[in-house]
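Peer 1: Just passing along the structure, written as structure tokens.
The values are calculated or read from the model by the stated rules, or taken from the named source; none is laboratory data. Note that the structure is predicted; figures quoted are calculated from it, not measured. Please note: Cβ atoms are built from the backbone with ideal geometry, for glycine as well, and neighbour counts cover all protein chains shown.
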Amino acid sequence: MKTLSKKKIEELKILFTNSENKTLEIEVDKLIDRFPENIFLWNIRGMNQTSLSDYNGAIDSFLKCVKFKVKANDFDSIDKLYSNVAFAYLNLKNNKKAIENFKLSLKYEKNSLKNLMCLSDIYSSEKKYDDSILYLQKALNIDENNIEIIIQIGKILLLKGENEEAKKYIKRAEIIDPNNIDIKYILANIYINSDDLNEAKKIYLSIINSDESNYIAYNDLGALYLKLDDFDNALLNLNTSVEINPDYHIAWSNLGSLYIKQRQFNDAVEMLNWSLGIESDHIPSIRNIAKAYLEKGDFIQSKKYYHQLIALEEGNSKYLTEFGEMFVSSNKFKEAEECFLKAIKIDSEYPLAYLALGHLYSVTNNEENAIKYLIKASNYDSTSSMSNFILGEIYKNNKFYAKAIEYYSASNYESSKENIAQCMYFEKKYDEFLNFYNINKEEFNASRIISSIINHANKTINNSLQHPFCPDPFSYIKSENLAYKLNDIDKMNKNLIKEIKNLDNSKRQLFIKKGEQSEGNLFTFGIEIFNDLQNILLDEYHNYLDSFPKSNDIFITQWPKSPKIMGWFVTMKKGGYVEPHNHVGAWLSGVYYLKCPEKIKDSGNLEFSFKDKHFPNSKEELPKKIIETNESNIVLFPSSLFHRTLPYETDEERICIAFDFMP
């Protein structure tokens, strides 16, 4: 150090200050050959290497300085050298080494706020919130009115879900700086996390009142209204946000979320594309556009965005599970299984992955694995209700009714009680059923499950049970031939059959004999002819309601105005038939016939009744109604009503499209 002139030191400092990094690098390398233990040279070399992003080189240079200082028993500024090493490790994304060197720095300068806060930031990024707060508290002990530290403690407590403790610190910060907008935003988030949305709304409105151009406050207020399902005010505020700042991608993203909630998926995609055009890696927008395309039935685009999402968040079990659900919707069960298993491998305590995997195995009839994973999911509060419900379904379908009731009882899923009543009835525990029914009668008013049971029970155990949903379902069967209403119907039918033949997604359905059913929802495949049929069926749905203007049954008085329609094709060959079943998840069901075999008496026709194979034998003969099926016929009926296709023995293929209107 003594042999390096002051003039040369100043020259090197000027080169560094002027960012002449390459020149400085050459000059320092030459000088180090002459003065190999000069601490100034090694230090400025490390700083220059940091500027050049040569972090490994910087670490070596700073540690050389440390070595020479320790050798000379000179500990002045050694804390800064360890701090520089730590920052270099941070840039190399080596948190472990960064922590180690920040702690070494603190050994020599324990009151370094910068180092304490850096350690806090690292632990926070690793979600080690207690460690993060520990170092912030040490910093606060040094500077008790440091607003930055106080705010940061409040933020981390908020991340921990400790809302009341977080509020104490943010209120403390507010006393120091009452006009600080950032503090107001954090306080609003605390209120939102505490479900005190009105207090949060007051804060956003106060920000807007003092600054009408604050597009962030308009966005946050719009997002809050979105949480409240107040779509008009949400739209108003989010639109105001993007009008003030068209480049604010978060507001565009929230508009996308709004349209998804309103099931306006084309508008959602447009908004989310605006967001991603501004910020291509915005995670919420990527996630939502993947969901929007999934709802549109565009699995190719949905898959593309899920791939992007997972590439950005490689170890995120939540996104992998959602990706798996996308594969379930597109009937790619193997790919779905791989996603769910990978999610569990990454995070063995992520309950939604266990639930999704258990549900997948239940629908693919792998009941042993379904039970295994659903039981694991049921151990978590967040998934116990749904997992116990599915377990109840599995045991009910296998006629283990007592076990099914046990799981339904452990679930608070909305239709659990209906299924408990159903199991009691199937098991012929009529007294228990009647008692349970009478206790829960008001809850069962709109239940399609209970409606179907009562229709049967009135012929079996009691002729006076009343249920207001659909007491006379046969009167609601409506059949007509669309050939009298639509032009070019033959052409439409041929195109529908052509697309059905092109689809390779049929599956065996246990209650369909000598036939197959398509997987997924035909009306989400993005195929034009299916979309055309969907529009026709929606018209028929609304026309159906007009046919019963005087009805007081809940089936009509609580008619769903904007149903979701599900559709699938069914093909059968000689000897084929469909066993009795109903569709209790839907409100109105129907069938559109594309190809019907030649009739021999009632062969191939549609039969309605009050019974399926699970029901006990009735004392009285149960009523039946047979509807003739012909090409271009549409039959609509209450989803609670049991129906079956009668067997036929001709060589012709039978093709129809069945559909449900879901409330």
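Peer 1: Could you give me the residue pairs with C-beta distances under 7 Å whose first residue belongs to the range 381-399 and is in the same structural domain as residue 361 (by TED's automatic domain parsing), whose second residue is buried (at least 21 other Cβ atoms within 10 Å of the Cβ) and outside any helix (DSSP H, G or I) wherever it lies, and which are 6+ apart or on separate chains?
Peer 2: Note: pairs meeting the criteria are 385/411; 388/411; 389/411; 392/411.
Peer 1: Let me ask something else about it. Being among the small types (Gly, Ala, Ser) and surrounded by 13 or more Cβ atoms within 10 Å (Cβ to Cβ) is the filter; apply it to the range 11-52 and report the residue that is farthest from the chain's Cα centre (by Cα).
Peer 2: Across the range 11-52, the extreme among qualifying residues is 46.
Residue by residue, here is whether (1) part of a helix (DSSP H, G or I); (2) modelled with pLDDT of 95 or more; (3) at negative phi holds:
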{"position": "117", "(1), (2), (3)": "yes, yes, yes"}
{"position": "123", "(1), (2), (3)": "yes, yes, yes"}
{"position": "127", "(1), (2), (3)": "no, no, no"}
{"position": "135", "(1), (2), (3)": "yes, yes, yes"}
{"position": "140", "(1), (2), (3)": "yes, yes, yes"}
{"position": "174", "(1), (2), (3)": "yes, no, yes"}
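Peer 1: Something else about it: Might you let me know whether the range 550-569 holds any residue that is at pLDDT 95 or above, in contact with a Lys or Arg (Cβ under 8 Å, 6 or more places away or on another chain) and not aliphatic (A, V, I, L, M)?
Peer 2: no
Peer 1: Let me ask something else. May I ask you to list the residues in the range 559-572 that are over 28 Å from residue 622 (Cα atoms) and in a loop (DSSP other than H, G, I, E, B)?
Peer 2: Selection gives 560, 561, 562, 563.
Peer 1: Regarding residue 429, is this residue over 23 Å from residue 470 (Cα atoms) and of a type in the set (Lys, Arg)?
Peer 2: Numbers: over 23 Å from residue 470 (Cα atoms): yes; of a type in the set (Lys, Arg): yes.
Spelling it out, residue 429 is indeed over 23 Å from residue 470 (Cα atoms) and of a type in the set (Lys, Arg).
Peer 1: Let me ask another. Restricting attention to the range 613-649, which residues are polar (S, T, N, Q), surrounded by 15 or more Cβ atoms within 10 Å (Cβ to Cβ) and over 43 Å from the mean Cα position of the chain (by Cα)?
Peer 2: 618 - this is the single residue of the range 613-649 that is polar (S, T, N, Q), surrounded by 15 or more Cβ atoms within 10 Å (Cβ to Cβ) and over 43 Å from the mean Cα position of the chain (by Cα).
Peer 1: Pull up the range 415-437, narrow it to residues that are buried (at least 16 other Cβ atoms within 10 Å of the Cβ) and among the charged types (D, E, K, R), then point me to the one that is farthest from residue 461 (Cα to Cα).
Peer 2: Ranking the candidates gives 417 first.
Peer 1: Which numbered condition in (1) outside any helix (DSSP H, G or I); (2) surrounded by fewer than 14 Cβ atoms within 10 Å (Cβ to Cβ); (3) assigned by TED's automatic domain parsing to the domain that holds residue 578 is the only one that residue 466 fails?
Peer 2: The number of the failed condition is (3).
Peer 1: Something else about it: Please specify each residue of the range 336-365 satisfying the condition of being of a type in the set (Val, Ile, Thr) and in the same structural domain as residue 391 (by TED's automatic domain parsing).
Peer 2: Of everything in the range 336-365, those that are of a type in the set (Val, Ile, Thr) and in the same structural domain as residue 391 (by TED's automatic domain parsing) turn out to be 363, 364.
Peer 1: Can I ask one more? Please tell me if residue 380 is surrounded by 23 or more Cβ atoms within 10 Å (Cβ to Cβ) and more than 20 Å from residue 554 (Cα to Cα).
Peer 2: No.
Peer 1: Within the range 204-219, is there a residue that is outside the structural domain of residue 562 (by TED's automatic domain parsing), part of a helix (DSSP H, G or I) and within 19 Å of the chain's Cα centre (by Cα)?
Peer 2: Narrowing the range 204-219 to residues outside the structural domain of residue 562 (by TED's automatic domain parsing): 204-219.
Of the ones still in play, those that are also part of a helix (DSSP H, G or I) are 204-210, 215-219.
Now drop any that are not within 19 Å of the chain's Cα centre (by Cα), which leaves none.
Among the residues of the range 204-219, not one is outside the structural domain of residue 562 (by TED's automatic domain parsing), part of a helix (DSSP H, G or I) and within 19 Å of the chain's Cα centre (by Cα), which makes the answer no.
Peer 1: Something else now. Take the residues of the range 53-80 that are charged (D, E, K, R) and under 53 Å from the mean Cα position of the chain (by Cα): which is surrounded by the fewest Cβ atoms within 10 Å (Cβ to Cβ)? Spell out the reasoning first.
Peer 2: Step one: filter the range 53-80 for residues charged (D, E, K, R), giving 54, 60, 64, 67, 69, 71, 74, 76, 79-80.
Subsequent filtering for residues that are under 53 Å from the mean Cα position of the chain (by Cα) retains 54, 60, 64, 79-80.
Numbers: 54: 18, 60: 16, 64: 21, 79: 19, 80: 18.
So the residue we want is 60.
Peer 1: Given (1) buried (at least 21 other Cβ atoms within 10 Å of the Cβ); (2) more than 27 Å from residue 565 (Cα to Cα), identify the lone condition not met by residue 244.
Peer 2: (1)
Peer 1: Still on this structure: Among what's in the range 604-634 and is at pLDDT 90 or above and among the acidic types (Asp, Glu), pick the residue that is nearest to residue 646 (Cα to Cα).
Peer 2: If we take residues in the range 604-634 being at pLDDT 90 or above and among the acidic types (Asp, Glu), then 607 is nearest to residue 646 (Cα to Cα).
To keep it simple, each residue is scored yes or no on (1) part of a strand (DSSP E or B); (2) of a type outside the set (Ser, Thr, Tyr); (3) assigned by TED's automatic domain parsing to the domain that holds residue 544.
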site: 574; (1), (2), (3): yes, yes, yes
site: 577; (1), (2), (3): yes, no, yes
site: 590; (1), (2), (3): yes, yes, yes
site: 597; (1), (2), (3): no, yes, yes
site: 607; (1), (2), (3): yes, yes, yes
site: 621; (1), (2), (3): no, yes, yes
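Peer 1: Kindly state which helices (runs of 4 or more DSSP H) lie completely within the range 12-103 and contain at least 3 residues that are modelled with pLDDT of 95 or more and closer than 30 Å to residue 132 by Cβ.
Peer 2: Fully inside the range 12-103 and qualifying: 39-51, 55-71, 78-91.
Peer 1: Still on this model: Looking only at residues in the range 428-443 that are among the charged types (D, E, K, R) and not in a loop (DSSP other than H, G, I, E, B), which one is farthest from the chain's Cα centre (by Cα)?
Peer 2: 431
Peer 1: For the range 326-344, how many residues are modelled with pLDDT under 95, within 15 Å of the chain's Cα centre (by Cα) and buried (at least 19 other Cβ atoms within 10 Å of the Cβ)?
Peer 2: Residues in the range 326-344 being modelled with pLDDT under 95, within 15 Å of the chain's Cα centre (by Cα) and buried (at least 19 other Cβ atoms within 10 Å of the Cβ): 3 in total.
Peer 1: Only one of (1) part of a helix (DSSP H, G or I); (2) farther than 27 Å from residue 416 by Cα fails for residue 348. Which number is that?
Peer 2: Every condition holds for residue 348 apart from (1).
Peer 1: Kindly state which helices (runs of 4 or more DSSP H) lie completely within the range 376-427 and contain at least 1 residues that are within 26 Å of residue 340 (Cα to Cα) and among the hydrophobic types (A, V, I, L, M, F, W, C). Write out each step before concluding.
Peer 2: Values: elements: 381-397, 401-409, 416-426.
Here the list reads 381-397, 401-409.
Peer 1: Somewhere in the range 400-410, is a residue surrounded by fewer than 17 Cβ atoms within 10 Å (Cβ to Cβ) and either among the hydroxyl-bearing types (Ser, Thr, Tyr) or within 17 Å of residue 612 (Cα to Cα) (or both)?
Peer 2: Yes, the conditions are met somewhere in the range 400-410.
Peer 1: Just one of (1) without any contact (Cβ under 8 Å) to a residue 24 or more places away in the chain; (2) under 30 Å from residue 125 (Cα atoms) trips up residue 90, so point out which.
Peer 2: Condition (1) is where residue 90 drops out.
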